[in-house]
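Engineer: If you scroll down you'll find the structure; I have some questions about it.
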Amino acid sequence: MVVGVEWSVVSGQCPVVSGQWSGLYLWSLITSHSKLVTDHWSLATSQPPSANAVKDLVTSKAMAELLASALIRDVPDFPKPGILFKDITPVLEHPAAFQEVVDLLTEDARAKGAETIVGIESRGFIFGVPVALALGVPFAMARKLGKLPYDRISEEYALEYGTNTVEMHVDAIKPGQKAYIVDDLLATGGTAAASARLVQRLDGVVCGFGCLIELTFLDGRKNLPDFPITALMEF
């Protein structure tokens, strides 16, 4: 039920092969978080494992130790009957778990060359701001309709019934700037896709999307076919 790092959505290849991460960099990321190195390869070697070996390790074991996986709780019938809500607040109340999530998203954003972090209202702010601070890059807000005070652009996205709107300031992204979009959860992908369109309309480049949770049964990736997606956990 967990995934540690994201494999290329388009090619299905490990980032070690596709160039999104160098082998040694990914090796360092895995070893620092999984504590499984001595079970598989010797620390004495300077050679990272093969792409397939890395993929097998990460998907099967590496993120089994993610602290957040034991903290997220199910809240039935919220915000309306029939919905099983994934509550992340216990993660925020656990400093080590919160830090681990921020660290993993930070390293993913760094590996993708992020030059700015875009947080989606509102829980995307919670994770996006510390990632931006850790990287020393700007933070830009993608907010709901009417929440931003300055000149802005807007994008609508479909809901089950009707539409919703997300907005960004016109100066939030510089032309050519690589933007990494952060939210707590990927569901249908509508908000994330609308946020990506805002970045593109401002002549920015979406270098990736990162979140704590992905609800795979909602197939949100179909709305983000052109972007690499990193989800630390899947349900």
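Taken together, the values in this text are just the output of simple stated rules run on the coordinates, not laboratory data. Keep in mind the model is a prediction, meaning the values are calculated, not measured. Using ideal geometry, Cβ is built from the backbone for each residue, glycine included, and neighbour counts are taken over all protein chains shown.
Engineer: Do you know which residues across the stretch 123-138 are of a type outside the set (Lys, Arg) and closer than 18 Å to Ala193 by Cβ?
Structural biologist: First, the residues of the stretch 123-138 that are of a type outside the set (Lys, Arg): 124-138.
Passing the criteria: Gly124, Gly128.
Engineer: A further question on this structure: In the stretch 67-115, which residues are of a type in the set (Asp, Glu), outside any helix (DSSP H, G or I) and either touching an Asp or Glu at 6+ places or on another chain (Cβ under 9 Å) or surrounded by 13 or more Cβ atoms within 10 Å (Cβ to Cβ) (or both)? Give the derivation first.
Structural biologist: First, the residues of the stretch 67-115 that are of a type in the set (Asp, Glu): 74, 77, 87, 93, 100, 103, 107-108, 115.
Applying the additional criterion that residues be outside any helix (DSSP H, G or I) yields 74, 77, 87, 93, 115.
Across the stretch 67-115, the qualifying residues are Asp74, Asp87, Glu115.
Engineer: Might you check whether a residue that is in contact with a Pro (Cβ under 6 Å, 6 or more places away or on another chain), free of Cβ contacts under 8 Å to residues at least 40 places away in the same chain and either not polar (S, T, N, Q) or not in a helix (DSSP H, G or I) (or both) occurs anywhere in the stretch 189-202?
Structural biologist: Looking through the stretch 189-202, none of the residues is in contact with a Pro (Cβ under 6 Å, 6 or more places away or on another chain), free of Cβ contacts under 8 Å to residues at least 40 places away in the same chain and either not polar (S, T, N, Q) or not in a helix (DSSP H, G or I) (or both).
Engineer: So, in the stretch 176-195, exactly how many residues are closer than 19 Å to Ala132 by Cβ, buried (at least 24 other Cβ atoms within 10 Å of the Cβ) and within 13 Å of the chain's Cα centre (by Cα)?
Structural biologist: Here the count works out to 6.
Engineer: Which residue out of Ile173, Ile213 is assigned to a loop (DSSP other than H, G, I, E, B), aliphatic (A, V, I, L, M) and either surrounded by fewer than 24 Cβ atoms within 10 Å (Cβ to Cβ) or touching a residue at least 12 places away in the same chain (Cβ under 8 Å) (or both)?
Structural biologist: Working: Ile213 fails: assigned to a loop (DSSP other than H, G, I, E, B).
Every option except Ile173 fails the conditions.
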